[in-house]
Amino acid sequence: MDLFSNYVQQSQAALRGYNSLADLGCGTGVLPIVASANGSFTGKVYSFDKETNCLEAAKMNSQIFGLADRLKTVEIDLVDFYLPRPNKMTTQA
């Protein structure tokens with residue numbers, strides 16, 4: 001966490017330039033918490049995860065750390081989003 005926090009502190013100017021942040025595979029939602037902790041990021045946060053319990057933890061942590069009004073959670077398996085599934089339709093000869 002300290003290493004990530006140091007990285008965020010070094011990137012304050014860059015973070016201020018963004019209006020939104022996507023947290024892919026959000027887990028407990030630590031990325032937007034750390035990014036917002038020093039006031040460098042004040043935009044909307046979109047947290048994506050396939051696990052309902054992870055999204056619930058991210059919501060709870062966003063409430064604790066004052067980000068709830070800026071957080072939108074989306075339940076999705078990112079593998080389905082990025083990798084095409086085989087077409088299940090069959091063709092007749």
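Surface listing: 33, 76 arranged by accessible area from highest to lowest gives 76, 33, probe 1.4 Å. Put 34, 74, 79 in order of accessible area, highest first, and with a 1.4 Å probe you get 79, 74, 34. Within the assembled protein chains, the solvent-accessible surface assigned to residue 26 is about 10 Å², based on a 1.4 Å probe. The largest accessible area among 44, 59 belongs to the first residue in 44, 59, and the rest follow in falling order (1.4 Å probe, all chains).
The values are calculated or read from the model by the stated rules, or taken from the named source; none is laboratory data. If you're wondering where the values come from, they're calculated on a predicted model, not measured in any experiment. Note: areas computed on protein heavy atoms with side chains; ligands, DNA, RNA excluded. Shrake-Rupley method; radii C 1.70, N 1.55, O 1.52, S 1.80 Å.
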